[in-house]
Amino acid sequence: MPHPGGQPAGQIGGQPGAPTLDRLTTDLAEQGRRVQGIVEAAFAALFARDADAARRAIALDDPIDAADVRIEQGVVGLLTQATRAGASIDERALRWLITVAKVNNELERIADCGVDVAELCEATCPGSNGPNGHGAPPMPGPVPGPAHGMLPAAGSIPDTFRVMANSVIGLVRDACLSVDRRDPALARVVLQSQHAVWAFKQAILREAERGVATGMLGVDFAFNLHEIASQCEIIADHCTNIAEQVIYVTTGAIVRHEASRWVEVPGGPGGGGGPEGPGPR
């Protein structure tokens with residue numbers, strides 16, 4: 001239904017060849033699935049100790065980068081089109097358009113973390129030719145193992161790491177679904193789950209420290225574990241940023257993190273579009 005003084009919320013745009021808000025919303029959902037795919041592929045390569053799979057995961061970033069630019073250009077194009085036409089855009093639709101731009105940026109950052117995980121896997125897998133497959137010659141000496149910086153066989157990676165990776169993949173999935181469904185309840189689940197990822201990271205770091213102290217783990221291997229755990233934490237942070245946007249755009253509440261808990265502060269006038277989201281899809 002058209003809104004007073006403006007176009008239908010889902011139909012901003014409409015010029016021949018120009019994207020609509022509905023089209024950008026669909027593109028964002030597809031981008032979310034791509035990003036979840038690269039994160040899953042990166043961790044699968046890590047646990048399989050498969051440098052080739054890591055390279056395939058890295059290659060998944062190219063279409064993500066292309067879609068990121070396409071969505072951003074679409075947002076700018078819609079705003080430019082509306083400005084030139086002197087159109088009055090419904091406030092809820094405008095808020096959703098801005099949310100699309102913000103979430104798109106967070107998704108691209110998550111994909112970058114997936115690439116970082118895959119590159120760490122590729123660089124440290126037995127038989128790898130070095131970071132990014134650039135053909136670095138193998139180092140002479142004993143068979144690479146934890147003491148030489150190589151990640152060990154799949155069974156030697158701490159079980160806590162697997163649980164953490166699965167939690168992170170679930171966070172990405174739920175964050176994307178909360179956007180697609182405009183579901184503040186699911187967004188709140190994402191916020192609460194972020195603390196679990198932080199706890200997993202602390203447990204992994206303590207385990208790595210004990211391993212180094214007892215000589216069971218080499219310093220380089222422990223460092224690699226730390227780096228990958230840090231990427232997991234960064235992914236979780238981006239997921240909570242997405243969740244905060246969903247809660248704000250659907251309820252008007254501003255989310256704050258205080259004393260290890262999430263607090264929703266009522267927003268100002270005009271914030272949010274109600275539980276059903278900011279206008280027609």
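The values are calculated or read from the model by the stated rules, or taken from the named source; none is laboratory data. As the structure is a computational prediction, the values presented were derived from the model and not from experiment. Heads up, the Cβs are rebuilt from the backbone with ideal geometry, glycines too, and the neighbour counts pull from every protein chain shown.
How many residues does the range 157-208 contain that are aromatic (Phe, Trp, Tyr) and in contact with a Ser or Thr (Cβ under 7 Å, 6 or more places away or on another chain)?
To start, the set of residues in the range 157-208 that are aromatic (Phe, Trp, Tyr) comprises 161, 198, 200.
Next cut, in contact with a Ser or Thr (Cβ under 7 Å, 6 or more places away or on another chain) only: 200.
The number of residues fulfilling the criteria is 1.
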Among the residues of the range 54-74 satisfying the criterion of being assigned to a helix (DSSP H, G or I), without any contact (Cβ under 8 Å) to a residue 60 or more places away in the chain and in contact with a helix residue (DSSP H, G or I) (Cβ under 6 Å, 6 or more places away or on another chain), which is farthest from Ala165 (Cα to Cα)?
-> Gly74
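Could you tell me whether Glu40 is modelled with pLDDT of 95 or more, under 19 Å from Arg181 (Cβ atoms) and in contact with a helix residue (DSSP H, G or I) (Cβ under 9 Å, 6 or more places away or on another chain)? Walk me through it before giving the result.
Working: modelled with pLDDT of 95 or more: yes; under 19 Å from Arg181 (Cβ atoms): no; in contact with a helix residue (DSSP H, G or I) (Cβ under 9 Å, 6 or more places away or on another chain): yes.
Considered against the rule, which asks whether it is modelled with pLDDT of 95 or more, under 19 Å from Arg181 (Cβ atoms) and in contact with a helix residue (DSSP H, G or I) (Cβ under 9 Å, 6 or more places away or on another chain), Glu40 comes out as no.
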Looking only at the range 19-40, which residues are buried (at least 18 other Cβ atoms within 10 Å of the Cβ), farther than 23 Å from Ser167 by Cβ and of a type in the set (S, T, N, Q)?
-> Thr20, Thr25
Can you tell which of Ala229, Ala236, Ala253 is in contact with a Phe, Trp or Tyr (Cβ under 9 Å, 6 or more places away or on another chain), among the small types (Gly, Ala, Ser) and within 18 Å of Val189 (Cβ to Cβ)?
-> Ala236
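Restricting to the range 205-238, give me the number of residues that are of a type in the set (A, V, I, L, M, F, W, C), part of a helix (DSSP H, G or I) and in contact with an Asp or Glu (Cβ under 9 Å, 6 or more places away or on another chain).
Final tally of qualifying residues: 4.
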Checking Val197 against (1) modelled with pLDDT of 90 or more; (2) within 16 Å of the chain's Cα centre (by Cα), the condition it does not meet | (1)
Checked the range 45-83 for anything of a type in the set (Val, Ile, Thr) and under 17 Å from Arg34 (Cβ atoms); matches are Ile58, Ile64, Val69, Ile71
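Can you say whether Asp180 is part of a helix (DSSP H, G or I), at pLDDT 95 or above and under 17 Å from Phe47 (Cα atoms), as far as the supplied structure shows? I'd like the intermediate steps shown before the answer.
Working: part of a helix (DSSP H, G or I): yes; at pLDDT 95 or above: yes; under 17 Å from Phe47 (Cα atoms): no.
Taking the combined requirement at face value, the residue does not satisfy it.
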Identify, please: which residue in the range 204-234 is acidic (Asp, Glu) and in contact (Cβ under 8 Å) with a residue 24 or more places away in the chain and is, among those, nearest to Ile110 (Cα to Cα)?
-> Glu233
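Can you name every residue in the range 75-104 that is polar (S, T, N, Q) and surrounded by fewer than 20 Cβ atoms within 10 Å (Cβ to Cβ)?
Keep residues of the range 75-104 that are polar (S, T, N, Q), which gives 80-81, 83, 88, 99, 104.
Across the range 75-104, the qualifying residues are Thr80, Gln81, Thr83, Ser88.
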Applying the selection to the range 41-74, what residues are under 20 Å from the mean Cα position of the chain (by Cα) and buried (at least 22 other Cβ atoms within 10 Å of the Cβ)?
-> Ala42, Phe43, Ala45, Leu46, Ala54, Ala57, Ile58, Ile71
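Out of the range 183-199, which residues are in contact (Cβ under 8 Å) with a residue 12 or more places away in the chain and either within 30 Å of Ala222 (Cα to Cα) or not in a helix (DSSP H, G or I) (or both)? I'd like the intermediate steps shown before the answer.
First, pick out the residues of the range 183-199 that are in contact (Cβ under 8 Å) with a residue 12 or more places away in the chain: 183-184, 186-198.
Hits for the range 183-199 are Asp183, Val190, Leu191, Gln192, Ser193, Gln194, His195, Ala196, Val197, Trp198.
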